[in-house]
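Participant: Starting off with a structure, shown below.
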Amino acid sequence: MQTQPNQRGELAAFLRSRRERITPDQVGLPHTGRRRTPGLRREELALLAGISATWYTYLEQGRDVRASDQVLDALASALRLDRYERGHLFQLAGHAAAAESEEPEPLAPEVAAVPLLLQPQPAYIIGGTYDVLSRNQAADELFPHLGAASDRPANFARWVFLEPAARAVVVDWEVEARGLLARLRALAGRRPGDARYTRLIDELNAGSPEVRAWWPQYDVQARHGGRKRLRCPGRGVVEFAYTAFHVAERPEQTLVVYSDGRESAD
């Protein structure tokens, strides 16, 4: 699959960000005088990966060169990428299908009904760009103003970064916001031609200084469950367990269900 110029630029920036976080000590290389940039030099990384320094430089310059699976594996190993970062590297290098659809994300009616069936447990379904495709009343109460804009779908990423209420509700806001942005980065990497991601990321960059600072760090993460502390009206800070389920045949659509351990009334 041919990579596009913007995709090659993303690949170059991702490689550079990961190279700069690896120190010579971590990989057993000696110090060789003053360094102008943090982390490894390009030729050092190329040596560790067993590839040409010139050819690796072409990758970091965003030139139109094609990396094989073998080369990407070697770079992932040398850069000590985790499995999510490795997948992101392969996607940026053109080893995954790109989607360019501008159509609204379809949601089957029987899937849309699931959050309603889970009431009173807060539940919602998010799509690949974090649009909230379906939610129940408990989710609206837990995340106030989630659907404040009437001219576009509710969006969880937009709520976290641009809705002032989010910082009051989400107790560990920075940790949760960083994780969400890393998951959005991973999803956007799979769809480099999808204008929906470009619009959302541009909007978040324009409205959030945190996004402007964190987005260039190229953190990537997969969607998962966990625990989250939220401030609830009349109850104070409550720790919720949340579980994420991917929708069959549409793995980028995710059902998220929250529970605080209280038993539901019949």
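Taken together, the values in this text are just the output of simple stated rules run on the coordinates, not laboratory data. Please read all numbers here as calculations on a predicted model, not as lab measurements. All Cβ positions, glycine included, derive from the backbone under ideal geometry; neighbour counts span all protein chains shown.
Participant: Of the chain, which part is the longest with no trypsin sites (Lys or Arg not before Pro) in a loop (DSSP not H, G, I, E, B) and with at most 15 other C-beta atoms within 10 angstrom?
Facilitator: The answer is 81-234.
Participant: Before rounding to the nearest 500, sum -39500 (n - 2.57) across all DSSP H runs of length at least 4 in the chain and divide by the residue total; then give [θ] at 222 nm in deg cm²/dmol.
Facilitator: -12000 deg cm²/dmol
Participant: On to the next question. Quick one: dipole size for the range 109-259, taken about the Cα centre, charges +1 on Lys/Arg Cβ and -1 on Asp/Glu Cβ, in debye to the nearest 20.
Facilitator: Roughly 220 debye for the range 109-259.
Participant: So how far, in whole Å, is the C-alpha centre of the range 117-182 from the one of the range 204-232?
Facilitator: 12
Participant: Here is a further query. Need one number: nm distance between label points at residue 41 and residue 58, each 7 Å from Cα along Cα→Cβ, rounded to one decimal.
Facilitator: About 2.2 nm separates the two model spin labels.
Participant: In whole Å, largest first, what are the principal axis extents of the Cα atoms in the chain?
Facilitator: 67, 37, 32
Participant: Further question: Stick to the Cα atoms of the range 109-266, pair each with every other, and give me the Kirkwood hydrodynamic radius in Å at one decimal.
Facilitator: Value: 16.1 Å, from the Cα pair sum.
Participant: Right, another one. Report Rg(Cα)/(2.2 N^0.38 Å) for the range 5-92, keeping two decimals.
Facilitator: 1.02
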